[in-house]
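Below is one structure; the comments refer to it alone.
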Amino acid sequence: MSLNYIKNFYEGCLRPPTVIGQFHTLFFGSVRMFFLGVLGFAVYGNEALHFSCEPDKREVNLFCYNQFRPITPQVFWALQLLTVLVPGAVFHLFAACKSIDQEDILQKPAYTVFYILSVLLRIVLEVVAFWLQSHLFGFQVNPLYRCDEGPHDKKFNITRCMVPEHFEKTIFLIAMYTFTGITVVLCVAEIFEILCRRLGFLSYQ
């Protein structure tokens, strides 16, 4: 399943009932997907091929790269996008089965609470993904990585490895952290918009 398929499904089937929610859909489906699908491949696509250690042997490079990247950033971010998509997908699947329109979501308390819970769950998933990303990749990519080659050659040996395009990867990491933060802010703003509409401060139109 490609990123374009996820984007089309998200934009075509999951229509949030709020203005901020629709903006979040556009932000999520366009900007974030573009960064991951296009720029992510350009920055991380050939990382394993250019990752070199001393001595420059294929088996050493592969062993140290697996130690350096327990999971590749592209796979992690794709899983993050899919996971964050689940709460909204479950709610809109429920709404489609019950023939619930956008006005019902904002006007009927039970549907409003259900939708707010799905947004809150999305926030929790984004925060968990932010925490996992910080522990897996940190906030900066160093040009040198010290690899413990002991499990590979059965003796204690620290090998130095060169990380390719470390500066571009640092910028990309910061961008993905920023996208996660913006998504959380948009989710919180969407909850406030729903509450304002329920309290009559904003019109449903």
Can you confirm whether region 134-143 contains a residue that is closer than 21 Å to P73 by Cα, surrounded by 14 or more Cβ atoms within 10 Å (Cβ to Cβ) and at pLDDT 80 or above? yes
Flagged in region 23-32 as in contact with a Lys or Arg (Cβ under 8 Å, 6 or more places away or on another chain) and either modelled with pLDDT of 80 or more or surrounded by 15 or more Cβ atoms within 10 Å (Cβ to Cβ) (or both), in numbering order, are T25, G29
Determine which member of the set T180, T159, T170 is more than 26 Å from P87 (Cα to Cα), at pLDDT 90 or above and open to solvent by less than 30 Å² (accessible area, probe 1.4 Å). T170
Please verify whether H152 is surrounded by fewer than 19 Cβ atoms within 10 Å (Cβ to Cβ), in a helix (DSSP H, G or I) and modelled with pLDDT under 90, treating the condition exactly as stated. yes
Can you pull out the residues in region 55-81 that are polar (S, T, N, Q) and under 22 Å from the mean Cα position of the chain (by Cα)? N66, T72, Q74, Q80
Residues of region 35-67 satisfying the condition of being among the charged types (D, E, K, R), surrounded by 11 or more Cβ atoms within 10 Å (Cβ to Cβ) and part of a helix (DSSP H, G or I): E47
Condition met for S52 (more than 30 Å from G138 (Cα to Cα), more than 22 Å from the chain's Cα centre (by Cα) and among the polar types (S, T, N, Q)): no
Filter result for V75 (closer than 19 Å to V19 by Cα and out of contact with any helix residue (DSSP H, G or I) (no Cβ under 7 Å at 6 or more places or on another chain)): no
In region 190-205, residue modelled with the lowest pLDDT [restricted to those that are open to solvent by 30 Å² or more (accessible area, probe 1.4 Å) and touching a helix residue (DSSP H, G or I) at 6+ places or on another chain (Cβ under 8 Å)]: Y204
Let me spell it out: the conditions are (1) within 23 Å of F41 (Cβ to Cβ); (2) open to solvent by 40 Å² or more (accessible area, probe 1.4 Å); (3) not charged (D, E, K, R), and Q102 meets all of them except one. Which number is the exception? (1)
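The values are calculated or read from the model by the stated rules, or taken from the named source; none is laboratory data. Just so we're clear, the structure is a prediction, and the values are computed from it rather than from any experiment. A quick note on method: Cβ atoms are made from the backbone with ideal geometry, for glycine too, and the neighbour counts reach across all protein chains shown. Accessible surface areas use protein heavy atoms only, side chains included; no ligands, DNA or RNA. Shrake-Rupley method; radii C 1.70, N 1.55, O 1.52, S 1.80 Å.
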